[in-house]
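The values are calculated or read from the model by the stated rules, or taken from the named source; none is laboratory data. Quick caveat, the model's predicted, so the values are computed rather than measured. For neighbour counting, all protein chains shown are included, and Cβ atoms are generated from backbone atoms with ideal geometry for every residue, glycine included. Surface areas here come from the heavy atoms of the whole protein model, side chains and all, with no ligands, DNA or RNA. Shrake-Rupley method; radii C 1.70, N 1.55, O 1.52, S 1.80 Å.
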Amino acid sequence: MQPLRLRNNFQRACWLLIVCITASLLFFLVYHNLNVRFISDSRFKLDRDGLNSIHQAIPQSPRLNLRLAESYLVDAAATEEAARLAASHAASAANRSLWDYRTAYTLGTILELNGDITGAEAALRNAVRLSPRYKRANWALGNLLLRQGRLDESLNFLKAAARIDSTLYPVLYDRFQLAAGGDLSLADRLTADDPVARLSFVQYLLEKAEFERALQFFPTVDPQVRSRSPLTLNILINLIDTGHVLTARRLWNDLQSQPSPNSQNLLWNGDFETSSSIDNAADNTGSAQLASLFNWNFKTSSQVRFGIDTVSAGTGTHALRLMFLGSDTTTLRNEIRQLAPLKPGSRYRIDFAFRTKDFQSPLGPRVAIVTDSQVIAQSSPIPNGTSDAWQRATFEFSAPSDNGRKFISIIRQPAFSYDDPSTGVVWFDDFLLTDISSTTANSSEQ
């Protein structure tokens, strides 16, 4: 029995030794790998001398070689030695990490800098093959081909990069315009099957003041994309800021799912039957901002509470209700307004309905045409008291000759620095803005 027991103990010792050796090797490999990952991480601050010192101990590390290549790349344009070392370390990293698209991309950029166009193209194509959605590799390869005059070939890679990052589209259009001698037909081809790219192209044309061409392209974009994309909001705001308010309003109107019931009314939702920003106060998305661009917009007031009344209305089922909360010196400036599509110099008339209940104020609110800084024209103040029936009011005005933004707004400006509290309720409904320029002109001719 003694030899058998010794043999069993010997086997146990051998197995224990094997387990210890294996565990030690695994620990060494994990420790070594973690150290290499840590040292080669760009977030770990280590100068080039420090990297080279570690490289002497572990020259085979792809990560460390990649970081050294990136370090030498900074000086590659200044010295040939830096360019040579950058290429050497990049090649070492790529050869030892065949599936890493980043090393292939870095090698490609360094080879191009060193004048090896063929090698650079091969490396960049490999990077794109390994990671088709890697923006930097697609962009670098596309530009490499574009600089060689291979426009059609470069198109696919530049388009892929811009689809990943839409902010590249304007740069892309500039590149193609320069490469094609000012001809944007290639940029047109670039956007043919991509609605987002096409919208970006419209924005690009507007920024270049090519309004006619931009307006030709805009209707060709898929309506669903137009109505959802934040680019559409930017395009319309660009038109408004450059004085093309009527054009912006027409394009915006085409995006609405429900057309305006009164084509003569230049205001949108004058009867408050369609939702506005007061109904979608919690929605601050780009699509909500687009939907409210030419609709009624509301800002919170601590002195007046706004709401859409579905019980008392002039016509239809909705009206705007203003409940005055009894504050002294009640002021309304831009809390209730809608961007008005006015033609400079034209003559307009505003009609609206109002009703009051227990309203008391030193000076009632008015309907006005305003800019961000001044009042252009305004109605008479809403009178105090209670009106059993809806009443009509109207006023006329001439639009200023400038192209700045004008709004229809409900305002209250105290006559003095202090006035007594305003209380009660005022309703507004059935706003109508009409262009009477032709009527005025005919009257003056007669």
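So here's what we get for this one:
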{"read-out": "Cα gyration tensor category, rounded, prolate or oblate, for the stretch 188-243 with a/c compared to 1.5", "value": "oblate"}
{"read-out": "Set of lysines near Lys299 by C-alpha distance (under 27 Å), chain-local residues within fewer than 8 positions excluded", "value": "Lys343, Lys357, Lys406"}
{"read-out": "Note, ³J(HN,Hα) from phi for the stretch 105-118, Karplus 6.51, -1.76, 1.60, rounded to Hz, x at Gly and Pro", "value": "5, 4, 4, x, 5, 6, 5, 5, 4, 7, x, 8, 5, 5"}
{"read-out": "Sulfur and carbon atoms: percent of accessible area, the stretch 286-429 [1.4 Å]", "value": "46 percent"}
{"read-out": "Separation in nanometres of the label points that stand 7 Å from Cα toward Cβ, at Ile164 and Arg349", "value": "6.1 nm"}
{"read-out": "³J(HN,Hα) computed for each position of the stretch 334-345 - Karplus, 6.51 cos²θ - 1.76 cosθ + 1.60, integer Hz, glycine/proline x", "value": "10, 6, 10, 6, 9, 5, 9, x, 9, 8, x, x"}
{"read-out": "Length released on extending from Gln148 to Glu396, taking residue separation times 0.36 nm less the Cα-Cα span", "value": "82.9 nm"}
{"read-out": "Gain on full stretching of the segment that runs from Ile21 to Asn384 - 0.36 nm per residue minus C-alpha separation", "value": "121.1 nm"}
{"read-out": "Accessible-area composition of the stretch 79-150, carbon plus sulfur, in percent [1.4 Å probe]", "value": "53 percent"}
{"read-out": "Accessible surface, the stretch 315-390, averaged per residue in Å² (probe 1.4 Å)", "value": "42 Å²"}
{"read-out": "Surface share of carbon and sulfur [accessible, 1.4 angstrom probe, percent] for the stretch 190-259", "value": "49 percent"}
{"read-out": "Ile436 long-range amide H proximity, modeled H, under 5 Å", "value": "Arg347, Tyr348, Arg349"}
{"read-out": "Extension gain from Asn156 to Tyr418, taking 0.36 nm per residue of separation minus the Cα-Cα distance", "value": "87.6 nm"}
{"read-out": "Calculated FRET value between Ser275 and Arg84, using beta carbons and R₀ = 60 Å, to 0.05", "value": "0.35"}
{"read-out": "Where labels lie 7 Å past Cα in the beta-carbon direction, separation of Leu255 and Arg189 in nm", "value": "3.1 nm"}
{"read-out": "Gln360 versus Asp328: modelled label distance in nm, points set 7 Å from Cα along the beta carbon direction", "value": "1.5 nm"}
